[in-house]
1. Return the loop-located trypsin sites (Lys or Arg not before Pro) in the range 152-258 (DSSP other than H, G, I, E, B) with at most 15 other Cβ atoms within 10 Å of their own Cβ; answer none if there are none.
2. Hey, if you put +1 on the Cβ of every Lys and Arg and -1 on every Asp and Glu Cβ in the range 99-139, which of S101, G131, N114 ends up farthest toward the positive end of that dipole?
3. Could you work out the percent of alpha carbon pairs in the range 204-332 separated by over 17 Å, rounded to a whole number?
4. Taking only the C-alpha atoms, wrap a convex hull around the range 204-261 and report its volume per residue in Å³ as a whole number.
5. Just to confirm, what accessible area per residue do you get for the range 236-343 at 1.4 Å probe, in whole Å²?
6. Which percent of the accessible area of the chain is formed by carbon and sulfur heavy atoms (probe 1.4 angstrom)?
7. Note down the relative contact order for the range 114-267 as a percent, whole number, built from C-alpha pairs under 8 angstrom at least six residues apart.
8. Hey, what did the range 322-409 get for relative contact order, percent, Cα under 8 Å, at least 6 apart?
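The values are calculated or read from the model by the stated rules, or taken from the named source; none is laboratory data. Remember, predicted model here, so these are calculated numbers, not experimental data. All Cβ positions, glycine included, derive from the backbone under ideal geometry; neighbour counts span all protein chains shown. These area figures cover heavy atoms from the full protein model, side chains too; ligands, DNA and RNA do not enter into them. Shrake-Rupley method; radii C 1.70, N 1.55, O 1.52, S 1.80 Å.
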Amino acid sequence: MTQASLFRRITDFANRADPYPLYEELRKTPVLCEEEGGPYVISSYWDIEALLHDPRISSDAANLAAAGDDALSGPEATGLPPSFIRLDPPEHDRLQRIANSSFGPPHRPRRIENMRGELGEIVTGLIDGFGDARQIDLVDQFAYPFPVTVICRLLGVPREDEPRFRAWVDPIVAGLDPDTRTSAESERTAQEARLQLGMYLNGLVEQRAKEPRDDMLSDLVNSHGPDGAMTTMEVLTTAVLLLIAGHETTVNLITNGMLTLLRHPEVLERLRNDPGLSVRIVEELLRYEPPVQIVPQRTCIADIELRGVTIPKGSHIWLMLAAGNRDPERFKDPERFDPDREDIQHLGFGSGIHSCFGAPLARVEAQIALSELARRLEDPRLVEDPPPYRQNAVLRGPRHLNIAFEGLR
């Protein structure tokens, strides 16, 4: 295996079920550039952590375009402006502060905590819905509908419209995958889907401007704090981001989590007897099987010296979060799933100014979901291992997870 082929093998769908041996190989060359003009692939924990805090690394889509991508490359190349995760300070900071004011501290410090009862009711209803079945697809029957229901309620999007926006979300997410982004057709499909989703949300935004409700869309539309108000286009791109990010990564976190627990039945049994263990389990899952494996959309705006390698200004940088999370220079025995690990400062939610906006909600959702599945499923077991995976190398997780069990407690 040559180094030049290594990154291509990581993004190859044939290796989606278990990319970790390839990540181990990748860490032997922690700053890897396959070919002239290609991206610099960073795989060690400490280097990734440092670059996520480095102001010489840009998330701005305009800098990506200047570095060689098509204008506003990928699914954000529509009439909608980039979301704040594709911007740098100070504009990123302004938009994130406005969005966060309706999501958590200091303005709504208990919004997520106060949702625990409602989240528990949704989980109970979904598990009750398994009925007398002795086999389920965890993705379609639980891991997808749970966070979708939650983000719809939080944003104020009608849950019955889910089939409509799912038809738009799927191609947008597919457009993030390194393999599909090489296809002009897939990029056009993603761009059109993002525009259609924005138009759909615009109808809801217009309603909230006239008749505000107790939801995040109303807060975004009517926010007039010290950072001013978002423009209508900024509200739309933020809403698109929150709707997609608010469920896609959580689906993977729950599904990867249950898959890992079924592969470690002794930990599943501990969780069944001690729901409080879910906090530590979720943190270790974010290290061991992170729902976001790669951060591909970064550009350096100045030369950067890293491990004796000069990364030239304008170069693309790919941060391999999943490789860093299993770096033996950072974690003892990193290939072992260990919820008793004392130090789990993982990269599962990124780091720095672009740390995952919805991390508090995702954590609570996964904790409740996994502890209730452990408590209520009688003798659960995998029907196939490995399960079939989604195409996406960035947002990696099973597309289906068929579980057999003896009944519901």
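1. Qualifying residues, ordered by number: R213.
2. Ranked along the dipole, the leading option is S101.
3. 74
4. 105
5. Value for the range 236-343: 33 Å² per residue.
6. Carbon plus sulfur share of accessible area: 51 percent.
7. 25
8. 21
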